[in-house]
Amino acid sequence: MNWKSFFSFERMVTPVIIRVLFWIGFIASLIGGAVIFFGGIFSGISNSEFTTIIGGFFGGPLAAILGILIVRIYCELLILFFRINETLTDIKKILAEKKIE
């Protein structure tokens, strides 16, 4: 990447940021799932509620998996918009070069 394309917004830097946000969302989903898992189990044990233990046992991993899946889909959709933009920019350059020749 050269500075001219950076300052003229020909190439986007946002896809790199989206990848970082994906990993933040990934870790947050794992932490959230662990909190639900252990919170449900400890709360169920302290209150002697079997349904809370089962809810934490199944809800925590389910929340982590669904959270990771949702973050992944959202990030892929955002990156898709930028890839479409880059492809259209490349097509525009190719057509401009063919017109000159």
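The values are calculated or read from the model by the stated rules, or taken from the named source; none is laboratory data. Computed from a predicted structure; not experimentally measured. Positions of Cβ are generated from backbone atoms using ideal geometry, with glycine treated the same way; all protein chains shown enter the neighbour counts.
Key figures for this structure:
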| read-out | value |
| --- | --- |
| Matching residues, segment 67-77, being among the aliphatic types (A, V, I, L, M) and exposed (fewer than 14 other Cβ atoms within 10 Å of the Cβ) | 69, 70, 73, 77 |
| Residues satisfying the stated conditions in segment 87-101, i.e. modelled with pLDDT of 85 or more and either closer than 19 Å to residue 22 by Cβ or basic (Lys, Arg) (or both) | 92, 93, 98 |
| Cross-chain or 6+ apart pairs with Cβ under 8 Å, segment 13-39 first and more than 28 Å from residue 86 (Cβ to Cβ), then in a helix (DSSP H, G or I) and among the aromatic types (Phe, Trp, Tyr) | 37/57 |
| Residue in segment 2-54 that is surrounded by the fewest Cβ atoms within 10 Å (Cβ to Cβ), counting only those that are in contact with a Leu (Cβ under 9 Å, 6 or more places away or on another chain) and of a type in the set (Ser, Thr, Tyr) | 14 |
| Qualifying residue in segment 50-58 (condition: more than 26 Å from residue 20 (Cβ to Cβ) and either of a type in the set (Gly, Ala, Ser) or touching a residue at least 24 places away in the same chain (Cβ under 8 Å) (or both)) | yes |
| Qualifying residue in segment 42-49 (condition: at pLDDT 95 or above and over 30 Å from residue 5 (Cα atoms)) | no |
| Those residues of segment 1-12 which are assigned to a loop (DSSP other than H, G, I, E, B) and either over 20 Å from residue 81 (Cβ atoms) or among the charged types (D, E, K, R) (or both), in sequence order | 2, 10, 11 |
